[in-house]
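Trainee: Shown below is the structure under consideration.
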Amino acid sequence: MTADHILGQLPFAAPGRFWRGNMHMHSTRSDGAHGVAEACAAYAREGYDFVAMTDHFLPQYDYPITDTRACRTDRFVTLAGAELHQGRLSNGELWHITAVGLPWNFAAPTEDETAAEICTRATEAGAFLAFAHPGWFALTPEDTRTLPMVHAVEVYNHGTETGQMRGDGWYLTDMVLNEGRRLTAVANDDMHRLGLGFGGGWTMVKADVLTPEAVLAALHAGQFYASQGPVIHDIRIEDDMMVVDCSPVVTAALVGSRARRIAGQITEIATRVRLPLAQATEGYMRLILRDRHGRHAWTNPVWLD
Ligand SMILES: [Zn+2]
Ligand SMILES: [Zn+2]
């Protein structure tokens, strides 16, 4: 396992800088409480660099691809998006899949378009797809196998966490990763109202420039990590150790496939953590940080083959 093989799968050694984004939110075009301008302005004020409005792509809302282009500034960009709902899970629930980077004229589905068909149509149009809030509607590995074109899992959904305490998506992600599927991990707000469910989960995307095209390319390239608070400044490899520079954290764990913990340690409040890589030999590993408020940051899985 070479350092280049590990670092090449993480964004930290890549050129550019990190841009903070929320890729799951709703406006008055579907069931959100706020208009487009008000919602985007709130994220810009909160220090976000980009958002994707993902209104529910349903007939009762006339299949919106909500136009956010008027909210763009020199320092804030928007991507076209939607939350797709064609077809149902094995438990009977409607699918919820966020699609970011859709064309603004993405066509409404025909009545009988399946989940696989609309997801294929979205990916062929260039969009980045994520299984939304798996914990909220009990998504299973079997369900995920029916949509092999989806790129990522929403490993943290702040809206379903603050509302129903079911915001976690890692339970599902680890099971699917253990099947060998190379999914990445995003965190989002699923904002419907600028209250408790706002500004609690985001994705840090690394790109040279802040444009919708650069952000979308970085998403497809896996150049990002997910966070509820902690900032990861850098990850590098020194003498068979992973060295992490970060905002103050109290716990760091490098977890592996199945139940195997590659390395973990409880630290005093630390801004540099060293984790041994000696057991990183097969499957995947991923880094989790936690700060003293219980907020996490998560890297994407790093594959060890
Ligand atoms: Zn949803
Ligand atoms: Zn939603």
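Just so you know, all these numbers are worked out from the coordinates, no wet-lab data involved. Values in this document were obtained by computation on a predicted structure and should not be read as measured data. No Cβ is skipped: glycine too gets one built from the backbone with ideal geometry, and neighbour counts run over all protein chains shown.
Trainee: What's the percent breakdown of Cα-Cα distances in the chain across 20 Å bins, shortest bin first?
Mentor: 35, 58, 7
Trainee: Additional query: Given a Förster radius of 22 Å and the C-beta distance between Ala107 and Ala37 as r, what FRET efficiency does 1/(1 + (r/R0)^6) yield to the nearest 0.05? The partial results should precede the final answer.
Mentor: Values: r = 26 Å, r/R0 = 1.17.
Computed FRET efficiency for Ala107 and Ala37 comes out at 0.30.
Trainee: Which angle from 0 to 90°, rounded to the nearest 10, does the C-alpha axis of helix 115-124 make with the longest principal axis of the chain?
Mentor: Long axis of 115-124 versus the principal axis of the chain: about 80 degrees.
Trainee: Report, for the stretch 83-168, the % of DSSP beta bridges that are antiparallel, rounded to 5.
Mentor: Details: 8 of 10 bridges.
If I count the DSSP bridges inside the stretch 83-168, around 80 percent turn out antiparallel.
Trainee: Kindly rank 199-212, 182-195, 264-277, 141-154 from highest to lowest mean number of other beta carbons found within 10 Å of each residue.
Mentor: Working: 199-212: 20.9, 182-195: 22.6, 264-277: 13.9, 141-154: 18.6.
The packing order, highest mean first, is 182-195, 199-212, 141-154, 264-277.
Trainee: For the chain, what does -39500 (n - 2.57) per DSSP helix run (n ≥ 4), summed and divided by total residues, give at 222 nm, in deg cm²/dmol to the nearest 500?
Mentor: On the way: 7 runs with 54 residues, N = 305.
Helix-only estimate at 222 nm: -4500 deg cm²/dmol.
Trainee: Using the charge dipole of the stretch 154-260 (Lys, Arg: +1 at Cβ; Asp, Glu: -1 at Cβ; taken about the Cα centre), state which of Gly195, Gly163, Val205 has its Cα farthest towards the positive end.
Mentor: Going by the charge dipole, the pick is Gly163.
Trainee: Who wins for biggest fluctuation among Ala107, Ala127, Ala217 in a Gaussian network model of the chain, springs between alpha carbons below 10 Å?
Mentor: It is Ala107.
Trainee: Please report the antiparallel percentage of DSSP beta bridges with both residues in the chain, rounded to the nearest 5. If you can, show how the numbers build up before the last one.
Mentor: Working: 51 of 67 bridges.
Roughly 75 percent of the DSSP beta bridges within the chain come out antiparallel.
Trainee: Take the Cα of Val209, step 7 Å along the line toward its Cβ, and report every residue of the stretch 69-99 whose backbone nitrogen sits under 17 Å from that point.
Mentor: 72-79
Trainee: Let me ask you something else. In Å³ and rounded to a whole number, note down the convex hull volume per residue for the Cα atoms of the stretch 235-305. Write down the numbers at each step before the final one.
Mentor: On the way: hull volume 5.9 nm³, N = 71.
Measuring per residue, one finds 83 Å³ for the Cα hull of the stretch 235-305.
Trainee: Mind putting a number on the dipole of the chain about its Cα centre? Charges go on the C-beta only, +1 for Lys and Arg and -1 for Asp and Glu, and I need it in Debye to the nearest 20.
Mentor: On the way: 25 positive and 36 negative charges, 154 e Å.
Roughly 740 debye for the chain.
Trainee: Could you give the dipole magnitude of the stretch 188-241 about its Cα centre, charging the beta-carbon of Lys and Arg +1 and that of Asp and Glu -1, in debye to the nearest 20?
Mentor: Values: 3 positive and 8 negative charges, 65 e Å.
Taking the Cα centre of the stretch 188-241 as origin, the dipole is about 320 debye.
Trainee: Next question, about the same structure. Looking only at Cβ-Cβ distances, which cysteines of the chain have no other cysteine closer than 4.7 Å?
Mentor: Cys119, Cys246 - these cysteines have no disulfide-compatible partner (Cβ-Cβ under 4.7 Å) in the chain.
Trainee: Among DSSP beta bridges whose residues both lie in the stretch 30-133, state the antiparallel percentage, nearest 5. If you can, show how the numbers build up before the last one.
Mentor: Values: 10 of 16 bridges.
Expressed as a percentage, antiparallel bridges in the stretch 30-133 total about 60.
Trainee: For Thr267 paired with Val250, estimate the spin-label separation in nm (one decimal), with each label point 7 Å from Cα along the Cα-to-Cβ line.
Mentor: 1.5
Trainee: In addition: At R0 = 41 Å, how high is the FRET efficiency between Thr114 and Val243 if r is their beta carbon distance? Nearest 0.05 is fine.
Mentor: Values: r = 46 Å, r/R0 = 1.13.
That gives a FRET efficiency of 0.30.
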